[in-house]
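Let me begin by presenting the structure, written as C-alpha cells, before commenting on it.
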Amino acid sequence: MTMPAVRCCPRAVGVVVVAALAMAHATPQATKARSKKPRRRQKKKDATLSSRGARLAQPALPYMAGVLEAFADPYDPKTGAGTILLAVAENKLCWPRLKPRLEKALASLPAWTACYGPMEGRPELKKALARFLDARVVRGAKPAVQPEHLSCAAGAGAVLSNLFLSLCEAGDAVLIPAPYYAAFDSDLRAVADLKRVPVALDAATGYALTEAALDAAYASTDGKAKALLLTNPHNPTGRVAPRAELEMVAAWCDARRVHLVSDEV
C-alpha cells in the first residue's frame, strides 16, 4: 500500500503526501580550515545507544508519521471530517462477536492472572490450541499437533523478532516474497540485524511463488540465506497459496536447509 491514510473534510476528499529532505554542504573555506587541523576520531552523537538501540529507534514503518497523524484525527462519520486509516490491520468486523465473550471472561478473573506462569504458555491454552490446529489446520494428518509442539507469545512482531534472533546470526539473509508487509524490515532489522532479500513475485502470474524466483533470490545471498518468511494469505495482495505451491516451498527449504517461517495472521 503506497498511501497509508486518506484525509477527509466535509466538502472534499483528498490525499496529501509530504516529503522533506534536508542537506548540508560545507563551504570551501570551512573545508580548507578543517584540513589544517589534525584529524581526530569523531565520537558518535548517539554514544549512549548501542548499534542495536539505534536500529530500534528507527521508525517501524516508512509511513509511521501518517499513521500517528491518523490516530490523532480519526474520521468522524457525523461530520465527514478526519482521516480514514487504511494502513492498520485491525479486524473490526469480528469485534461485535468477540466483545461480549471478552467482557464475560473479564467479569471473573482467576487468581493466576496476577502471577507468573510458564513462559511458553499455560498448559490449558496449549491444549486448546493444539486441538484447534489439529481439527482446523492439520485436519487428521500425522503426526497430530501436541501441546508440547507449541510455544505461545503475545504480538506477532515480537514473536518474529525473537524467533529470528534464535535462528539466525547477525548479517544473515531472510528471503521474503515481495511485495511484502513493510514492518518486516523493522522486525528483522532492529534486534536480529538481518538482511531482507526480496523474492520477486510477478503480477502476470497472480503473484505465485515459483521455484525459479526462490533460486534467484537464494543465489543473490551467496549462501547466507537462513530462512524464508511467508505470509499466507499474502500481505498485501491477499492471495492464498494453493497446496501444491506450499508443498513445493517446503521441499525447496528442506533441500537447502533453510528455515520456513509462515506468518498466517
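The values are calculated or read from the model by the stated rules, or taken from the named source; none is laboratory data. None of these values were measured; they are calculated from a predicted model. Don't worry about glycine lacking a Cβ; one is built from the backbone with ideal geometry, like all the others, and counts go over all protein chains shown. The accessibility values were calculated without ligands, DNA or RNA, using every heavy atom of the protein model including side chains. Shrake-Rupley method; radii C 1.70, N 1.55, O 1.52, S 1.80 Å.
Legend: residue pairs 78/99; 99/142; 92/224; 99/127; 104/126; 92/126, Cα-Cα distance threshold 30 Å; pairs beyond threshold, 99/142; 92/224. Comparing Cα centroids, the range 230-265 and the range 46-66 end up 30 angstrom apart. Taking 119, 64 and ordering them by how much accessible surface each has at a 1.4 Å probe, largest first, produces 119, 64.
Are there chymotrypsin sites (Phe, Trp or Tyr not before Pro) in the range 105-172 that DSSP puts in a loop and that have at most 11 other Cβ atoms within 10 Å, and which ones?
Numbers: sites: 112, 116, 132, 164; in loops: 116.
Sparse-neighbourhood loop chymotrypsin sites (Phe, Trp or Tyr not before Pro): 116.
Amide H contacts of residue 152 (H built 1.01 Å from N, in plane; Pro and chain starts excluded): 121 sit under 5 Å, all sequence-distant by 5 or more or on other chains.
Residue 52 to residue 219: extension gain in nm, 0.36 nm per residue of separation minus the Cα-Cα distance? Present the calculation step by step, with values, prior to reporting the outcome.
Details: separation 167, 0.36 × 167 = 60.12 nm, distance 2.79 nm.
Answer, rounded to one decimal: 57.3 nm.
Sparse packing (at most 11 other Cβ atoms within 10 Å of the Cβ) combined with a DSSP loop state is found for the following trypsin sites (Lys or Arg not before Pro) in the range 236-265: 257.
Please calculate the 1.4 Å probe accessible area of residue 115, with all protein chains present, and give it to the nearest 10 Å². It works out to around 90 Å². When you filter the GluC sites (Glu not before Pro) in the range 66-165 for DSSP loop state and at most 16 other Cβ atoms inside 10 Å of their Cβ, you are left with 90, 120.
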